[in-house]
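First up is the structure itself, then whatever we jot down about it.
The values are calculated or read from the model by the stated rules, or taken from the named source; none is laboratory data. This one's a predicted model, so the numbers in the text were calculated from it and none came from an experiment. Here Cβ is always computed from backbone atoms with ideal geometry, including for glycine, and neighbour counts include all displayed protein chains.
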């Protein structure tokens, strides 16, 4: 089960990163091009990015509690006993990604309350963009790409 969760979390990350990048790029293009915010394209891209990001978070949280690199590492080694790689997986990666998902969720909630297309695009650009940057900053690249 652990391997299945780990593989799901790893492969889903590619999809989530691609969708978040697409949502931010779409919002920037909509803002710069002064386009209308459409339900068929713009809303769906942002919504799918939001939904898959939350699914990724849920898989990651489950993995955090069953993995030796998550909560178990903190319990066994303590905060002072972990090296940088262990701290990244046990503390920084989950904490920063939760913050990123909060920002993405705030962006989604705020854009729904606005009627003007440029403001919708601006909110998605800012909040989804910040979330994407935070996620990219805490991906365990050395372990993930091996």
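A residue that is exposed (fewer than 15 other Cβ atoms within 10 Å of the Cβ) and outside any helix (DSSP H, G or I) cannot be found anywhere in the stretch 89-98. A single member of 85, 117 is buried (at least 16 other Cβ atoms within 10 Å of the Cβ), over 16 Å from the mean Cα position of the chain (by Cα) and over 18 Å from residue 54 (Cα atoms), and it is 117.
The residues of the stretch 35-47 include none that are in a helix (DSSP H, G or I), over 20 Å from the mean Cα position of the chain (by Cα) and crowded, with 19+ Cβ neighbours inside 10 Å.
So that you can scan it fast, the table gives a plain yes or no per residue for (1) surrounded by 14 or more Cβ atoms within 10 Å (Cβ to Cβ); (2) touching a residue at least 40 places away in the same chain (Cβ under 8 Å); (3) under 16 Å from the mean Cα position of the chain (by Cα); (4) not in a helix (DSSP H, G or I):
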{"residue": "49", "(1), (2), (3), (4)": "yes, yes, yes, no"}
{"residue": "104", "(1), (2), (3), (4)": "yes, yes, yes, no"}
{"residue": "110", "(1), (2), (3), (4)": "yes, no, no, no"}
{"residue": "143", "(1), (2), (3), (4)": "no, yes, no, no"}
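The single condition from (1) in contact (Cβ under 8 Å) with a residue 24 or more places away in the chain; (2) closer than 30 Å to residue 67 by Cα; (3) surrounded by fewer than 16 Cβ atoms within 10 Å (Cβ to Cβ) that residue 18 fails is (1).
Filtering 77, 58, 29, 6 for residues that are closer than 23 Å to residue 132 by Cβ and surrounded by 14 or more Cβ atoms within 10 Å (Cβ to Cβ) leaves a single hit, 6.
Among the residues of the stretch 54-82, those identified as at pLDDT 80 or above and not in a helix (DSSP H, G or I) are 67, 68, 69, 70, 82.
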